[in-house]
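Q: Before I ask anything, let me first share the structure, which is written out below as structure tokens.
Readers should treat all values here as calculations from the given coordinates under stated rules, not as data from a laboratory. Model, not experiment: these values are computed from the prediction. Here the Cβ positions follow ideal geometry from the backbone for every residue, glycine too, while neighbour counts run over all protein chains shown.
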Amino acid sequence: QVQLVESGGGWVQPGGSLELSCAASGSIPSSGNTMGWYRQGSGKEREFVAHVTSHGRTTYGDSVRGRYTISRDYVKDTVTRQMNSAKVEDTDVYYCNYRDERNYWGQGTQVTVSS
């Protein structure tokens with residue numbers, strides 16, 4: 001089992017920055033996995049945001065590439081998503097994800113971008 005706890009959601013103005021963090025605990029091997037973020041708005045499908053592999057390779061969704069940065073602490077088993085140049089359309093519930101042959105989700109944290 002892997003447990004994921006997210007923190008850092010909230011409100012930010014357009015053009016601003018906001019950081020989300022996710023702490024993982026449980027049975028986490030040193031290779032063969034990814035940690036990352038998805039987001040989902042009301043009535044929409046869950047959308048891939050970004051992930052980082054156990055070897056440090058990062059992948060970003062088209063809508064966030066160039067504005068978001070994902071990083072991972074392999075000692076603390078945390079993943080952090082830094083959002084810059086926030087847009088109103090970034091408003092969503094953000095979910096932390098851990099995946100190997102298993103697939104786990106955090107409880108979700110709301111991010112609201114508005115003036």
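Q: Would you mind computing Rg(Cα) / (2.2 N^0.38 Å) for the range 1-107, counting N as its residues?
A: 1.02
Q: If r is the Cβ-Cβ distance from Asn103 to Lys76 and R0 is 25 Å, what FRET efficiency results, to the nearest 0.05?
A: Efficiency for this residue pair is about 0.70.
Q: Projected onto the charge dipole of the chain (+1 at Lys/Arg Cβ, -1 at Asp/Glu Cβ, origin at the Cα centre), which of Thr59, Tyr98, Leu18 gives the Cα projection farthest towards the positive end?
A: Thr59
Q: If I take every Cα pair under 8 Å that is 6 or more residues apart in the chain, average their sequence separation and divide by the length, what percent do I get for the relative contact order?
A: Computed value for the chain: 37 percent relative contact order.
Q: Sorted by average packing, counted as other Cβ atoms within 10 angstrom per residue and highest first, what order do 43-51, 75-83, 89-97 take?
A: Result, highest mean first: 89-97, 75-83, 43-51.
Q: Enter the per residue convex hull volume of the range 72-115, computed from alpha-carbon coordinates, in Å³ rounded to the nearest integer.
A: In the range 72-115, the Cα hull volume divided by residue count equals 97 Å³.
Q: I've got another one for you. Just want to confirm a number: the relative contact order over the range 59-103, from Cα pairs under 8 angstrom separated by 6+ residues, in percent.
A: 26
Q: Please build a GNM for the chain, connecting alpha carbons under 10 Å apart, and tell me which residue among Arg39, Arg57, Arg67 fluctuates the most.
A: Arg57
Q: Let me ask something additional. Sort the following peptides by mean Cβ neighbour count (other Cβ atoms within 10 Å, averaged over residues), highest first: 104-114, 22-32.
A: 104-114, 22-32
Q: Over the range 33-79, what is the relative contact order in whole percent, taking alpha-carbon pairs under 8 Å and six or more residues apart?
A: Rounded, it is 31 percent for the range 33-79.
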